[in-house]
Structure formats: C-alpha cells, structure tokens
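Taking it in order: structure first as structure tokens, then the write-up.
The values are calculated or read from the model by the stated rules, or taken from the named source; none is laboratory data. Here the structure is a predicted model, which means the values were calculated and not measured. Cβ coordinates were reconstructed from backbone atoms using ideal geometry, including for glycine residues, and neighbour counts include every protein chain displayed.
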Amino acid sequence: MAQSTFVYETYIRSTPEQLWQALTTSELLNRCWMGASIDSDWKVGSSWRATSPDGDVFDSGEIVESVPQKRLVMKWRNQWQPEFKAEGDSHCVYEIEPLGMAVKFTITHSIERPDSKFIASVTPAWPMVMSNLKSLLETGGVTLVENPRHAH
C-alpha cells in the first residue's frame, strides 16, 4: 500500500539523555508544543494524548516502542478533525543519535495511505515543534509560544 511520510532531521547541541528527558517529561515537552499538553508515562502499551488548554483532545495514541535515549514509536490518531480521524492511525518515530557534542534527532511521521491530508497538516507543524525543542535544549527558552491550531 502507498504511504504518506514526513521526515524531519535536526541537530541539537545536547545529549541523548537531555533530549530524551525533554521528549518524555510533560513540563518540558508542553513548552515545545505551543500551548498543547502532552501526557503519557511513555512505556510500551501506554496511551498518550495531546490536549488544548481548554481540555479538547487534539491527538491520542499508544506507545509502540520505547528505547530510552534512542527511539520512541507512537501510534497516532488525530481527534479534532473528522477528516483526519477518518484516515486512521499514523505512526510517529523519534530517533536519537549521538554525534559528538550534539545529537541528531529525526522524526518520521507516516500513514499507510497515499496523499494523506493528516500528514500534509503536520508538515508545517513539526518544524515549529522541533524549533522550540532545539531552542529549549540549547538556550533554556522556546521560540514559538502560540498554538498554531490551524497548522495541525
């Protein structure tokens, strides 16, 4: 079956331990998601969800694989746009690779369907989240603070 895929790589002046902590600690992660709250215990089989400040669920899913400081795989379903929800589950993979004084961080978000409207919608959102994550780890602050609800 044809697949829609978004891949984004960045290099962050950080350690695998610090990046993993930022990806799995709600207080840090929530700063990167421009107003959304992300909650999970990040263990295989556990659920996760992203909610708005008003409590609306944007996205939810299940942790499929969790290898601390290396790889996190999530089943992902959009909950707030009926046309995106109807596409079914996507998969989001975080990969962390140490490179000297930095880490290479790759996100691959894909779904088993051609021309996915959901994957098209996350394409502009992921670079914003990644920019915030990079800024948070390198400077202690984030770049973008508003929730770009239109982008996702």
Please work out if S26 is of a type in the set (S, T, N, Q) and at pLDDT 95 or above.
no
In the range 88-111, anything more than 18 Å from the chain's Cα centre (by Cα) and in contact (Cβ under 8 Å) with a residue 24 or more places away in the chain is listed as P98, L99, M101, A102
Every residue from the range 6-23 that is closer than 20 Å to V122 by Cα and among the β-branched types (V, I, T)
V7, T10
Name the residues in the range 71-109 that are surrounded by 21 or more Cβ atoms within 10 Å (Cβ to Cβ) and over 22 Å from K43 (Cα atoms), would you?
F84, V103
If I ask for residues that are touching a Ser or Thr at 6+ places or on another chain (Cβ under 7 Å), farther than 22 Å from K104 by Cα and either at pLDDT below 95 or surrounded by fewer than 16 Cβ atoms within 10 Å (Cβ to Cβ) (or both), which ones from the range 1-23 would you list?
Q3
Among the listed residues V122, V103, V67, V57, which satisfies the condition of being closer than 23 Å to R13 by Cα and either in contact with a strand residue (DSSP E or B) (Cβ under 6 Å, 6 or more places away or on another chain) or aromatic (F, W, Y) (or both)?
V103
Restricting the range 81-104 to residues that are acidic (D, E) and in a strand (DSSP E or B), the residue that is farthest from F118 (Cα to Cα)
E97
